Amino acid sequence: LKRAYWNTRFGFYLAAIGSAVGLGNLWRFPYVVANNGGGAFVLLYILMTFLIASPLLIGELILGKSSRKSILAATFTLEKSKKYKLHWIGRLCLLLSLFIASYYAVISGWVLHFVVHFTRAFIQTNHMSLSDPMQMLLNSGWLQLALASVHLLFCAVITYKGVEDGLEKWISNMMPIFGLLLVVLVFRSLSLPKSSDALKFVFYPDFTKLSLSSLGHAIGHACFTLSVGFGVMVTFGSYLQENDHIPTAGFRVTVTDCLLSLFAGLLVFPIMLSGATGDVKDPTLLFATLPQFFLGLPNGILFGWAFFICLYLAALGATIGLMEVIVSNVQDQLRTPRSWSSWIVLSICLALAVVPSFSSSFLGNVRVRGNSIMENLDSFLINWMLPVIALGLSFLFSRGVSAADNEKHFVDPNRAESVALFGHWKVLIRYLIPIVIGISLLLQIFALF
Ligand code: PHE
């Protein structure tokens, strides 16, 4: 199959950042921080981002660029000359992508629901009631499933159209606007009465608030929000041009994504601590707090409307990234045309979206360890499966990919410091990442008892 290339370097950044920035930053980050006690966890998350997720992101890009294949095909090729069965890592990445795509689609559907509500309130210029939209969603599994289906359908159509027409065009106009809107909103939010408490909560590390599972949660979230461990960045790397410098690209994507998460924290916590109602440790945190904030602002409905549209586009960008990977893998493996591959993937995701859609209504009584099915699914996929895959990837990059390939794509002969940096990267991939992830998994196992 012929591989497409990014038209411009900018195209790669837009797609990689478009995949990384999404609900993970805006929706998941604040409530995971709240669950893990605040500042100390934020610090842990930043550390894990730079020590684990970012080096793995660079590894994925190198694997993609050197093999010019998607993850499954790349692992099959690599294992031919090795004694290890590496394709299991590729399989796990794909399996995770499928599950995440379907559950992510449900939350994207929530965002879509808020877009509709704000649009309606905007057009009718009367106010909207606060708890209604969220409660309506939680009560109706069918509504959640319908919204998730609409979202997945959008994504499948865009993915089907291909890399240049699809991905680049859709994502290109939205990120800068979203960034700007967030900055404006964070300023407003920081002028609320309890903003100093919120700043303290996000930035003052109180290590006694951490639990045994916090390290694992930080690793899982850092990888999730950078889209590492799904093979997404392998696919994007395979579209890179020969002269693109991978570590620089990886670093830029990491910093942008990390900053956006911190902004999200600075947006949500002042609102929460200034008296908004809602459960701070619940996945509905973002959707419960923000509308209350918007309705208190002058022109709030307009801001709310713009915010949810941008958030929806971010969710779209992230889901398209995921679909792109699954579709390109199906295409590489089954040799089916792109259209077929897109429809197959769409159907599987739809089927998988049924359970999370009904987790707050029909399946609301099914609780494991006090949490809903949705929360358990999230925890299983991101806190357990993702770190295990990250462990596998560190093995793949240090034992599977040849040292010469790693060096060729990492080291830039024109930059003296890149040789030293390469040395650090190798140490992280080979020793530090497996050790830290191993410890985090053990701690999470202890925490179960
Ligand atoms: N990184 C995305 C986010 O933070 C989620 C995602 C994961 C997207 C994996 C693609 C692949 O929202």
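The table below lists the values:
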item: Wholly within the range 386-449, helices (runs of 4 or more DSSP H) carrying at least 3 residues that are open to solvent by 70 Å² or more (accessible area, probe 1.4 Å) and farther than 23 Å from residue 72 by Cα; result: 417-427, 433-448
item: Only listed residue being open to solvent by less than 40 Å² (accessible area, probe 1.4 Å), out of contact with any strand residue (DSSP E or B) (no Cβ under 7 Å at 6 or more places or on another chain) and in a helix (DSSP H, G or I), chosen from 297, 377, 316; result: 316
item: Evaluation of residue 381 against (1) out of contact with any Phe, Trp or Tyr (no Cβ under 7 Å at 6 or more places or on another chain); (2) touching a residue at least 12 places away in the same chain (Cβ under 8 Å) (one fails), failing number; result: (1)
item: Any hit, the range 276-289, residues being in contact with a Ser or Thr (Cβ under 6 Å, 6 or more places away or on another chain), at pLDDT 90 or above and assigned to a loop (DSSP other than H, G, I, E, B); result: no
item: Spans of helices (runs of 4 or more DSSP H) in the range 166-272 with at least 2 residues open to solvent by 70 Å² or more (accessible area, probe 1.4 Å) and away from the ligand (no atom under 16 Å from the Cβ); result: 175-189, 195-203
item: Failed item, numbered, when residue 333 is tested on (1) within 16 Å of the ligand (Cβ to nearest atom); (2) modelled with pLDDT under 85; result: (1)
item: Any pair with Cβ under 7 angstrom, 6 or more apart, that starts in the range 308-328 at a residue that is without any contact (Cβ under 8 Å) to a residue 60 or more places away in the chain and ends at one that is outside any helix (DSSP H, G or I); result: none
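Listed here are the residues, each with its yes/no results for (1) away from the ligand (no atom under 13 Å from the Cβ); (2) over 23 Å from residue 319 (Cβ atoms); (3) in contact (Cβ under 8 Å) with a residue 40 or more places away in the chain.
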{"residue": "71", "(1), (2), (3)": "no, no, yes"}
{"residue": "84", "(1), (2), (3)": "yes, yes, yes"}
{"residue": "87", "(1), (2), (3)": "yes, yes, no"}
{"residue": "106", "(1), (2), (3)": "yes, no, yes"}
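The values are calculated or read from the model by the stated rules, or taken from the named source; none is laboratory data. Keep in mind the model is a prediction, meaning the values are calculated, not measured. Heads up, the Cβs are rebuilt from the backbone with ideal geometry, glycines too, and the neighbour counts pull from every protein chain shown. Quick note on the areas: whole protein, heavy atoms, side chains included, nothing else; ligands and nucleic acids left out. Shrake-Rupley method; radii C 1.70, N 1.55, O 1.52, S 1.80 Å.
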